[in-house]
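Visitor: Here you go, one structure.
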Amino acid sequence: MKNLGRFAAQVKVGAAAMTGALLMSAIASPAAADSVRWRTIIGVSPISLTAATPTTPPTPVQNVVAGIPPGGQPWSTLGGHAAVDLAAGRVEFEVEGLVLAGGNTIGTPDGINQVMGTLVCPVTPTPVVINTALVPLSAQGDAEFSGSVGAIPTSCTSSNVLFLVRIAAGRWIANGSVRTSGKDQ
């Protein structure tokens, strides 16, 4: 009888531990699913190529993302990162060495002295576009932002959200690359 009592106590402890683990999993999973990170920031190549066919070669076209045109010249970076909490509407990004990679002012941001981060969810029929405030871009091409962008629609998910760096005129000059979310981070 004594062993039966110990067994019952062990079952209760085990059940409590399992319930706690399940509860923690339920609490952690939604938050992780709402978190998206880009491991680096890369500059734009303003021209892309259409696919070649057996009868036509690739054709150069503007590298447009969800209706947003690129800057007129190629841009490069030394790196950076970006992150978004979709549930809380918080965005953070940092870019280093964002400079022109073409033209007569290569290696500088030229006249660009402000940038913004942009979340894009290319859902149909109209993409969701959410901008951060403009932040200073240093002469060395460094910029950072951390703050709220307000409510992010539920149509933006960890599997469809993109990150762009844009100038005040709206053109994109860099993007988040190597996206991870939730348990991938």
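The values are calculated or read from the model by the stated rules, or taken from the named source; none is laboratory data. Since this is a predicted model, take the numbers as computed values, not measurements. Every residue, glycine among them, receives a Cβ derived from its backbone with ideal geometry; neighbour counts consider all protein chains shown.
Visitor: So which of Val120, Val115, Val64 ends up being surrounded by fewer than 18 Cβ atoms within 10 Å (Cβ to Cβ), free of Cβ contacts under 8 Å to residues at least 60 places away in the same chain and not polar (S, T, N, Q)?
Guide: Answer to the selection: Val64.
Visitor: Same structure, new question: Please enumerate the residues belonging to the range 122-158 that are in a loop (DSSP other than H, G, I, E, B) and of a type in the set (A, V, I, L, M, F, W, C).
Guide: The answer is Val123, Ala133, Leu134, Leu137, Ala139, Val149, Ala151, Ile152, Cys156.
Visitor: Taking Val115 as the residue in question, decide whether it is outside any loop (DSSP other than H, G, I, E, B), farther than 18 Å from Pro74 by Cα, under 17 Å from the mean Cα position of the chain (by Cα) and in the same structural domain as Ser48 (by TED's automatic domain parsing).
Guide: So Val115 fails the test.
Visitor: Right, something else. Quick check on my filter: what residues within the range 144-171 are surrounded by 21 or more Cβ atoms within 10 Å (Cβ to Cβ), within 17 Å of Gly111 (Cβ to Cβ) and of a type outside the set (D, E, K, R)?
Guide: Val165 - this is the single residue of the range 144-171 that is surrounded by 21 or more Cβ atoms within 10 Å (Cβ to Cβ), within 17 Å of Gly111 (Cβ to Cβ) and of a type outside the set (D, E, K, R).
Visitor: Which residue pairs have Cβ atoms under 9 Å apart, sit 6 or more places apart or on different chains, and have a first residue in the range 92-108 that is assigned by TED's automatic domain parsing to the domain that holds Leu78 and crowded, with 16+ Cβ neighbours inside 10 Å and a second that is assigned to a loop (DSSP other than H, G, I, E, B) and among the acidic types (Asp, Glu)?
Guide: Glu94/Asp142; Val95/Asp142; Glu96/Asp142; Gly97/Asp142; Leu98/Asp142; Val99/Asp110; Leu100/Asp110
Visitor: A follow-up question, please. For the range 52-105, give me every one of the strands (runs of 3 or more DSSP E) that falls completely inside it and has 1 or more residues that are within 15 Å of Val36 (Cα to Cα).
Guide: 79-85, 90-96
Visitor: Could you check, for the range 167-174, whether at least one of its residues is touching a residue at least 40 places away in the same chain (Cβ under 8 Å), out of contact with any helix residue (DSSP H, G or I) (no Cβ under 6 Å at 6 or more places or on another chain), of a type in the set (Val, Ile, Thr) and closer than 19 Å to Val44 by Cα?
Guide: Yes, the range 167-174 contains a residue that is touching a residue at least 40 places away in the same chain (Cβ under 8 Å), out of contact with any helix residue (DSSP H, G or I) (no Cβ under 6 Å at 6 or more places or on another chain), of a type in the set (Val, Ile, Thr) and closer than 19 Å to Val44 by Cα.
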